[in-house]
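Nothing in this text is a laboratory measurement; each read-out follows from the coordinates by a stated rule. These figures come from a predicted structure and were not determined experimentally. No Cβ is skipped: glycine too gets one built from the backbone with ideal geometry, and neighbour counts run over all protein chains shown.
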Amino acid sequence: MKEKIDELLSEVAAFKAENNEQLEDFRIKLLGSKGKIKALFVDFKNVPNEQKKEVGQLINTLKVKAQDKLDEFKSKLAGGDHTSANDMDLTRTATPVKLGSRHPISIVRNEIIDIFARIGFTVSEGPEVEDDWHNFSALNFPPEHPARDMQDTFFVESEEGDMALRTHTSSVQVRIMENTAPPIRTLSPGRVYRNEAISARAHCFFHQVEGLYIAENVSFADLKQTLMYFAKEMFGEKTKIRLRPSYFPFTEPSAEMDVSCSVCSGKGCNVCKYTRYLEIMGCGMVDPNVLENCGIDSKKYTGFAFGMGVERIAMLKYKVNDLRLYSEGDVRFLEQFKAAF
């Protein structure tokens with residue numbers, strides 16, 4: 001795989017575009033959903049464990065360089081010398097158009113993905129409308145579990161049977177485990193839905209990033225060290241974490257993870273209710289029943305899983321005090337994140 005990456009790096013370095021067609025061909029060929037870089041991420045699962053960190057970093061370097069090259073020639077071709085009459089919009093207003101920026105949720109989600117990509121995690125995606133098996137049954141949710149109640153979940157009428165707007169991206173992990181042989185190391189970002197009253201601290205939809213690692217001899221110590229690495233990369237080297245026993249149907253043992261409050265630097269304040277810590281995610285060792293449900297031998301393999309709300313991480317990072325601001329489209333709020341972009 002390293003040879004493939006080196007070839008593509010050389011191809012990116014030598015690329016030159018004289019028109020927009022060549023630029024679009026380059027984008028599709030390397031950065032498109034069926035492009036060569038996407039194929040590298042698919043093949044990444046076949047890389048030996050001891051090489052995953054190095055190869056993961058090389059792939060991300062390739063992706064960044066390809067995007068930089070694309071942006072470079074986009075800027076050049078938009079400069080005027082290469083603009084044809086067909087590219088000009090004579091109906092466009094002469095009033096300067098304000099430039100937008102990335103949404104804070106997108107900024108934080110991409111940062112989370114980049115952090116875990118450095119240690120070999122790949123990205124997996126799945127449908128937002130899920131069946132009972134992938135959203136509940138395969139994950140150890142019994143029929144009487146409250147998450148199956150109408151007040152907690154948005155159910156959808158379908159000819160295919162019981163369907164619901166997914167309540168977590170764990171459903172994507174089930175699909176990965178069903179179709180991929182261990183070792184598995186993947187992140188599942190996406191939008192999820194809960195039938196909750198909208199307030200400053202809760203919404204009927206939000207964004208999650210869930211992680212899954214399955215291999216031989218994976219322990220809770222591996223989970224703790226992985227989450228410690230993430231916390232320090234996201235919130236700073238002085239960040240401390242705390243794991244508290246908890247319960248989730250799909251992990252055993254389970255824990256809630258807190259990080260030291262970034263607002264008061266762990267001294268105690270109104271935000272952390274003077275506990276010096278703020279909860280950011282749930283985690284635990286994958287329950288053997290879940291592994292067996294997905295066709296993985298629980299006597300040979302173990303693994304850990306974790307899940308965090310992107311909105312909660314963004315609240316801590318940018319000190320946002322109302323979740324509703326993320327989805328109201330208020331330009332005054334969104335303009336604050338141009339520097340982050």
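Given the C-alpha centroids of the range 241-289 and the range 304-332, what is the distance between them in whole angstrom?
When both Cα centres are located, 17 Å separates them.
Relative to the present Cα-Cα distance, how much length would full extension add between D89 and D162 at 0.36 nm per residue of separation?
21.4 nm
Taking the alpha-carbon distance from K98 and a cut-off under 13 Å, which aspartates and glutamates remain once sequence neighbours fewer than 8 residues away in the same chain are dropped?
E335
Step through the table entries K38/K65; K29/K74; K16/K52; K45/K300, compare each Cα-Cα distance with 21 Å, and write down the pairs that go over it.
Long pairs (Cα-Cα over 21 Å): K16/K52.
At a Förster distance of 41 Å, what's the computed FRET efficiency of E21 paired with E50, Cβ-Cβ distance as r, to 0.05?
Given R0 = 41 Å and the Cβ-Cβ separation, E is 0.45.
Lysines within cross-link reach of K238: Cα-Cα under 19 Å, excluding same-chain residues under 8 positions apart?
Output for K238: K224, K267, K317, K319.
Write out the cysteines belonging to the chain for which the nearest other cysteine Cβ is not under 4.7 Å, or none if no such cysteine exists.
C204, C283, C294
Would you work out which of L8, L30, I119 lies farthest towards the positive end of the dipole of the range 1-125? Charges go on Cβ: Lys and Arg +1, Asp and Glu -1.
Farthest towards the positive end: I119.
What is the spin-label model distance, in nm, from D43 to L9 if the labels are put 7 Å beyond Cα along the C-beta direction?
1.6
To the nearest 0.05, how large is the calculated FRET efficiency for F220 and K2 if R₀ is 22 Å and r is the Cβ-Cβ distance?
Step by step, r from the Cβ atoms, then E = 0.10.
If you place +1 on the Cβ of every Lys and Arg, -1 on the Cβ of every Asp and Glu, and leave all else neutral, what size is the dipole of the range 104-337 about its Cα centre, to the nearest 20 Debye?
1520
Quick one: if you stick a label point 7 Å off each Cα along the C-beta vector at S101 and M150, how many nm between them?
Going from the S101 label point to the M150 one covers 4.4 nm.
For the range 301-341, state which trypsin sites (Lys or Arg not before Pro) are in a DSSP loop and have at most 10 other beta carbons lying within 10 Å of their beta carbon.
K319
Computed from these coordinates, which is semi-axes √(5λ) of the Cα gyration tensor in Å: (i) 36, 27, 22; (ii) 26, 26, 22; (iii) 28, 25, 18?
(i)
Mind checking the angle between helix 49-77 and the chain's longest principal axis? C-alpha axes, 0 to 90 degrees, to the nearest 10.
Once rounded, the angle reads 30 degrees.
At a Cα cut-off below 16 Å, give the aspartates and glutamates reachable from K34, other chains included and same-chain residues fewer than 8 away excluded.
Qualifying aspartates and glutamates at Cα under 16 Å: E24, D25, D43, E125.
Below 8 Å, C-alpha to C-alpha, sequence gap of six or more: please give me the relative contact order for the range 2-80 in percent.
44
Please go through the range 154-195 and write out the GluC sites (Glu not before Pro) that DSSP classes as loop and that have at most 14 other C-beta atoms within 10 Å.
Qualifying residues, ordered by number: E157, E159, E160.
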